[in-house]
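Values quoted throughout were computed directly from the atomic coordinates according to the rules given, and no laboratory measurement underlies them. The structure displayed is predicted, hence computed values, not measured ones. Here the Cβ is made from the backbone with ideal geometry for all residues, glycine too, and neighbour counts use every protein chain on show.
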Amino acid sequence: MLIIGELINATRKSVREAVINHDREFIQDLARKQDEAGADYIDVNVATGSGKSEKEIEDMKWAVELIKEVTEKPLTIDTTSKEVLESGLKAYGPGAMLNSISAESGRLEPFLELARQYECPIIALPATDKGIPKDVEGRLQVATEILERAEKMGFAKESFYFDPLAFPLGVDDKSGEVTLESLRRFREELGVKTTIGLTNISHGLPQRALLNRTYLVLAMGVGLDSALLNPLDKAVMSSVSATLALTGQDPYCGKYLRAFRKGDLVV
Amino acid sequence: MSMMEDLSKTIIEGDIGGVKTLVQKALDEGMEPEVVLGEGLMSGMEVVGKRFAADEMFIPEVMLSARTMHSALEILRPLLESEQKEVKMKGKVLLGTVEGDIHDIGKSLVEMMFTANGFEVIDIGINVAPDAFVEAIKKHKPNIVGMSALLTSTMPAMAETVEAIDGSELRKDGKIKIIVGGAPVTEEYAEEIKADLYGENALEGVKVVKNALGIE
C-alpha cells in the first residue's frame, strides 16, 4: 500500500500562505512530519491561485528543492500545467511521481513525454474535455482510452495508478459505490494499479475523518494499491495497518505489531 | 400551525412528497402564489441557509431542500408568470465553468442554491470558451453571469472571459454583473480581473448577488 502524503497542497490556506511568503520552515516541517508518519511519497501542489503561471513554475522549483533537503522520500508533482510539471521534475530529477494525466486536451501525450524523460510513475484520471463520466462504464471507457494511448507510446501498464475520482458523497450519494466499483473493474479488466484521493469523498459532511478511514478500508477491500491522504491522521494510518494485516498483506502481522510497539495504533 | 409555517417546514425538512400537496392546498384555499412563495417557501429556505452557515445542516440536506423548492416552483412558476405579477423571479443567472476546466459539482450546487432562492438559472455547462459565454449572454440576457474555475491553470480563462464580455460591451451601464467562484479563486483575484462579485461558496454567492441586486 503506497501512501502519498497530501498535506503540501496550496489549496489549503496555511500552505497557500507559506508558499506565497516563501516560508521554508513551514513547508520543510510538513514534509518531515509526513515522512516520519509513514508517507511513501510526498505530494507537492503549489497552486496558490495567483492566476500567474510564471509564479507557479518558480514556486514549484522552490518547493521541490527545499523539500528534497529534508526527506529521502520521492515527491509527487501535483499540477495540471505542463510547465509547472516540468519545473518540478527538473528540480527533482528522475523518479518523482506525476499527478496527474487525463484524457483532457494537452494532458496526455505531452505529460507522458515528460514522464518518460524523468522515469515517473503516473497517476491517471478518467476525465475528458466533456467532463468526468458519472457512471462506472464511462469511467472504464476513458481509462481504457488513456491506457491504449499510453501503450502506443511504449508505456507499460505497470507505470500507472488509475484514480477513479471519488466525488463528494454529500453531493452524490451514489459516489462511494461508483468509485468502489470503478476501482474493482480497473483492476480486473485493465489490470492496472489503482489509487484514490481519499478526502474528497467526505467533503461537506460532518466527522470527515470517520468517513475517510471507513472508505479507505472498503477501497482496500477491493484491492486499492495506493491512496493520497493525510498521514498525520493516526486513525487513518492505523486503519491502513489493520486492513493490510486483515487482508493477508502483512506477513506474520509484522508491520501491524511494529506500529503497535511504536505507539502508532489508535482505536 | 399556520399554513405558512407548514410550507416553510416542508422546505426545511426536504419533504418533496408533501410540498406539492401543500402548495396546491394553499392555492385552493385562495392564497396568492407570491405569498405562498415569499412567506411560506422562501422563509423556509432562509432557515436552511442560516442552519447551513452554522454547520447545523449539511450539503445533502440543503440539496434536498433545494429540490423540494424546485418541485414547488413547478406549480407556482406558471401562475406567477401568467398573471403578470409584480413579483417575478428574482433575476436570471447564467452559469458556466470556464474554458479548459471540466469541473461540474460546485457549479451544480450554485445552480441549485440560486434556483432554490427564486432565481431563474441557465447552466451553459463546462469548458465554456469566452466567445460561447458572450453568445449565451446575448441569447439569454441574464442579469448575473457566474463563472466557475477549479484549477489555478484555468483561472486565467476567467480573466479572458471577463475581457470578452467587456469587449462586446455587454456589461455597459451595469446591465449585468459578473460573479466568480471556485476553490482556488480568491476575492483579490476577483477584483484583479474586474469581476463585480465573488462567492466564497454557493450560499455566499446567492447572498452577495441578492445584495448587489438590492433584494431583501
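Couple of notes before you dig in:
- Building the convex hull from the alpha-carbon atoms of the range B:3-82 and averaging its projection over directions returns 4.6 nm².
- Enclosed volume per residue, in Å³, of the convex hull spanned by Cα atoms of chain A: 129
- Pairs exceeding a 28 Å alpha-carbon distance, out of A:Lys130/B:Lys9; B:Lys50/B:Lys141; A:Lys174/B:Lys20: A:Lys130/B:Lys9; B:Lys50/B:Lys141.
- Top positive-direction residue, dipole computed over the protein assembly as shown with Cβ charges, set B:Gly167, B:Tyr189, A:Ile27: A:Ile27
- Fraction in percent of alpha-carbon pairs per bin - 10 Å, the range A:155-267: 14, 42, 33, 11, 0
- Chain B: relative contact order as a whole-number percent, Cα under 8 Å and 6+ apart: 16
- Calculated P(r) tail over 27 Å for chain B, as whole % of Cα pairs: 33
- Which listed pairs, of A:Lys52/B:Lys107; A:Lys152/B:Lys107; A:Lys13/B:Lys139, have C-alpha distances above 29 Å, in listed order: A:Lys152/B:Lys107; A:Lys13/B:Lys139
- Rounded is the label for the range B:92-213, because a/c, from the alpha-carbon gyration tensor with a ≥ b ≥ c as root eigenvalues, stays below 1.5.
- Cα-centre dipole for the range B:3-82 with unit charges at Cβ (Lys and Arg positive, Asp and Glu negative), debye to 20: 220
- Magnitude of the charge dipole, the range A:2-261, Cβ model with Lys/Arg +1 and Asp/Glu -1, debye to 20: 540
- Ordering A:Ala96, A:Tyr118, A:Ala245 by the projection of their Cα atoms onto the charge dipole of the protein assembly as shown, which places +1 on the Cβ of Lys and Arg and -1 on the Cβ of Asp and Glu, puts A:Ala245 at the extreme positive end.
- For B:Lys139 and A:Ser53, a Förster radius of 45 Å and the Cβ-Cβ distance give a FRET efficiency of 0.90, rounded to the nearest 0.05.
- Full extension of the chain segment joining A:Met153 with A:Leu246 gains 29.6 nm, where the gain is 0.36 nm per residue of separation less the Cα-Cα distance.
- Most positive-pole-ward Cα, A:Gly170, B:His140, B:Ile16, against dipole of the protein assembly as shown from beta carbon charges: A:Gly170
- Other residues lying with their Cβ under 14 Å from the Cβ of B:Ala26 contribute a combined charge of -4, Lys and Arg counting +1, Asp and Glu -1.
- Simple label model, 7 Å out from Cα along Cβ direction - A:Glu25 to A:Glu189, nm: 5.3
- P(r) tail for the range A:96-174: Cα pairs beyond 21 Å make up 26% of the total.
- With N as its number of residues, the protein assembly as shown has a Cα radius of gyration that, divided by 2.2 N^0.38 Å, comes to 1.06.
- Cα-centred dipole magnitude for the protein assembly as shown, charges only on beta-carbon of K, R (+1) and D, E (-1), debye, nearest 20: 760
- Residues listed by number, the range A:146-182, amide nitrogen under 18 Å from A:Thr214 label point at 7 Å toward C-beta: A:166-181
- By the helix-only formula, in which each DSSP H run with n ≥ 4 contributes -39500 (n - 2.57) and the sum is divided by residues, chain A has a 222 nm mean residue ellipticity of -14000 deg cm²/dmol.
- Modelled FRET efficiency - R0 22 Å, A:Glu36 with B:Ala183, Cβ distances, 0.05 increments: 0.15
- Near-label residues of the range B:196-214 by backbone N, under 20 Å of a point 7 Å along Cα→Cβ of B:Ala53: B:197-214
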